[in-house]
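Encoded as structure tokens, the structure appears first; notes follow it.
The values are calculated or read from the model by the stated rules, or taken from the named source; none is laboratory data. For clarity, every value in this text was computed on a predicted model and none was experimentally measured. Heads up, the Cβs are rebuilt from the backbone with ideal geometry, glycines too, and the neighbour counts pull from every protein chain shown.
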Amino acid sequence: MKKINLFILLLIAAQLPAQKNFKAAEQIKPAVFSLSMVMMHDVVNPPAASRYYAYCLMGAYEIACLQDPKMIPLSRLVKSFPQVTLTAPKESYNYQAAAVYCIYETGRLMLPSGFTLEQEQDKYIRLLRKNKLPQKVIEQSVAVAKEVAQQVAGFSKKDNYNRLSARLRYTPVKGDAYWYPTPPAYMEAVEPNWKTVKPLLIDSCNEFIPIPPVTFSKDTASEFYKLGKEVYDVSLKPTQEQLNIAGFWDCNPFAVSSSGHMALGFKKISPGGHWMNITSIAAEKAALDFNKSIAALTIEGAVLMDAFISCWDEKYRSNRIRPETYINRYINPKWQPLLQTPPFPEYTSGHSVISTASAEVLTYLFGDNFTYTDNSEEMFELAPRSFSSFRHAANEAAISRLYGGIHYRDAIENGQQQGRAIGNHIVTKIKQAGVTPLL
């Protein structure tokens, strides 16, 4: 009997190093941030960035799910998502190390400059060694991560993204009411066919069509002229707080500044990158364990991807003129917005849609009145801002587009309605699947 007990103790001791907890939850945020840095380097546009975030977290989620019976498999949330399979026995690898490494590996496989993540992978392996994880366990964890990342990358190829480059080049629609490239760079329209990308949690791109925008008009007594005039008037004497809000939520992946014959580009994280960082901040403040942190970020990534698909479907349906173009034509030809106008149609406001959708889902996961301080923009020398809830932050993100001079009020408010509908739908879906609040 003593020999049997000794054998059991030795067996447990042999397995402990593989499942050693080395504060792995703290390692998720740097991994996601590394994705943001690569995308910022590559100037990945906002819709595409949301797609990368979604897929790069899915493998990590599934690895954790295989260890935790309380987690809901992605196959119950994402249509057609296959069951992830592993060849390695559970006791041979550290699932947390494998999950974090999988974030890097999926990014390496999918991002344009994903090869640069190899340096981050090497750093992570050194960290695992520093935390006394046995070399064999590290090697097996890396093998598991690569196996799952390949499966996720394979699944991603079924969403029609790879077919976008084969479509005809976009030509702006002729007519006074429609979007036209704006200064200073007059960039081509971003992702005019994004609606063809298959969503993850909603059923289709046009499931949440917003109400029609205010009808275009040049008449100074018209409702549309009033919308344009409001944007113009706000820009003439903005308060310091309005300037702060506009700058904080700018999130323009690539703004161009002209100086004489020179054009200088300034890179920032995308709106989706900002909300992924907010989710990381919330997970950190709430002291979520590893699995819950992965769950929050994976769900948020999927929310962002679907919200962008829905928003972009409307943008190229209404194809509405930007305030900068309208004001230059009919109010003041020398006027410039505070923020640089993004290169795609105006209605609905993307930040309003994705921020509101994110806020609804994060409110379900973390609770209402979840206070936090957002330091996402500190790297761009912008002071942190504190919020009393995710909805508070989303409302500020939405109105920032008016203060910045790049959206009319109806695109903001109707965009919020669109985002709220998306967010509420996703909350209902994940609740029905069995996803419970994280706190």
Review point. Can you tell which of 391, 401 is in contact with a His (Cβ under 6 Å, 6 or more places away or on another chain) and at pLDDT 95 or above?
Key: 401
Point to revise | Number of the condition not met by residue 360 [criteria: (1) in contact with a Gly (Cβ under 9 Å, 6 or more places away or on another chain); (2) without any contact (Cβ under 8 Å) to a residue 12 or more places away in the chain; (3) of a type in the set (D, E, K, R)] | key: (2)
Exercise for review: Taking residue 380 as the residue in question, decide whether it is touching a helix residue (DSSP H, G or I) at 6+ places or on another chain (Cβ under 8 Å), among the aromatic types (Phe, Trp, Tyr) and farther than 14 Å from residue 348 by Cα.
Suggested key: no
Exercise for review: Under 6 Å between Cβ atoms, at least 6 apart or on separate chains: pull out the pairs that start in region 60-74 with a residue that is over 18 Å from residue 32 (Cβ atoms) and assigned to a loop (DSSP other than H, G, I, E, B) and end on any residue that is modelled with pLDDT of 95 or more and of a type in the set (A, V, I, L, M).
Suggested key: 72/433; 72/435
Check your understanding: From the set of residues in region 146-157 that are within 20 Å of the chain's Cα centre (by Cα) and not small (Gly, Ala, Ser), which is nearest to residue 86 (Cα to Cα)?
Key -> 152
Review point. If we keep just the residues of region 66-89 that are among the charged types (D, E, K, R) and loosely packed, with under 13 Cβ neighbours inside 10 Å, which is nearest to residue 152 (Cα to Cα)?
Key: 79
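Suppose the filter is hydrophobic (A, V, I, L, M, F, W, C) and touching a Lys or Arg at 6+ places or on another chain (Cβ under 8 Å); does residue 309 pass it? Walk me through it before giving the result.
Details: hydrophobic (A, V, I, L, M, F, W, C): yes; touching a Lys or Arg at 6+ places or on another chain (Cβ under 8 Å): yes.
Yes.
Here is a yes/no grid of residues against (1) out of contact with any strand residue (DSSP E or B) (no Cβ under 6 Å at 6 or more places or on another chain); (2) of a type in the set (A, V, I, L, M):
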site	(1), (2)
360	yes, no
373	no, no
407	yes, no
414	yes, no
422	yes, yes
Practice item. Go through the residues of region 90-109 one by one and say whether even a single one is modelled with pLDDT under 95, out of contact with any Asp or Glu (no Cβ under 7 Å at 6 or more places or on another chain), surrounded by fewer than 18 Cβ atoms within 10 Å (Cβ to Cβ) and not small (Gly, Ala, Ser). Key: yes
Practice item. Using the structure shown, decide if residue 371 is more than 26 Å from residue 178 (Cβ to Cβ) and modelled with pLDDT of 95 or more. Key: yes
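Going by the conditions given, is residue 296 surrounded by fewer than 21 Cβ atoms within 10 Å (Cβ to Cβ), at pLDDT 95 or above and not charged (D, E, K, R)?
Numbers: surrounded by fewer than 21 Cβ atoms within 10 Å (Cβ to Cβ): no; at pLDDT 95 or above: yes; not charged (D, E, K, R): yes.
Considered against the rule, which asks whether it is surrounded by fewer than 21 Cβ atoms within 10 Å (Cβ to Cβ), at pLDDT 95 or above and not charged (D, E, K, R), residue 296 comes out as no.
Go over the candidates 349, 318, 400, 389 one by one and state the one that is polar (S, T, N, Q) and under 17 Å from the mean Cα position of the chain (by Cα).
Numbers: 318 fails: under 17 Å from the mean Cα position of the chain (by Cα); 400 fails: under 17 Å from the mean Cα position of the chain (by Cα); 389 fails: under 17 Å from the mean Cα position of the chain (by Cα).
Within the list 349, 318, 400, 389, the selection yields 349.
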Exercise for review: Confirm whether residue 137 is surrounded by 17 or more Cβ atoms within 10 Å (Cβ to Cβ), β-branched (Val, Ile, Thr), under 17 Å from residue 59 (Cβ atoms) and in contact with a helix residue (DSSP H, G or I) (Cβ under 7 Å, 6 or more places away or on another chain).
Suggested key: no
**Study point:** Residue match in region 167-189 (condition: under 21 Å from the mean Cα position of the chain (by Cα) and not hydrophobic (A, V, I, L, M, F, W, C))
**Key:** no
Practice item. For region 19-42, state whether one or more residues are in contact with a His (Cβ under 7 Å, 6 or more places away or on another chain), at pLDDT 95 or above and closer than 30 Å to residue 192 by Cα. Key: no
Practice item. Please specify each residue of region 415-439 satisfying the condition of being in a loop (DSSP other than H, G, I, E, B) and surrounded by 16 or more Cβ atoms within 10 Å (Cβ to Cβ). Key: 435, 438
Review point. Out of (1) over 18 Å from residue 423 (Cβ atoms); (2) free of Cβ contacts under 8 Å to residues at least 24 places away in the same chain, what's the single condition that is false for residue 373?
Key: (2)
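Per-residue answers, yes or no, for (1) in a helix (DSSP H, G or I); (2) of a type in the set (Gly, Ala, Ser); (3) surrounded by fewer than 20 Cβ atoms within 10 Å (Cβ to Cβ):
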{"position": "314", "(1), (2), (3)": "yes, no, no"}
{"position": "348", "(1), (2), (3)": "no, no, no"}
{"position": "364", "(1), (2), (3)": "yes, no, no"}
{"position": "376", "(1), (2), (3)": "no, yes, no"}
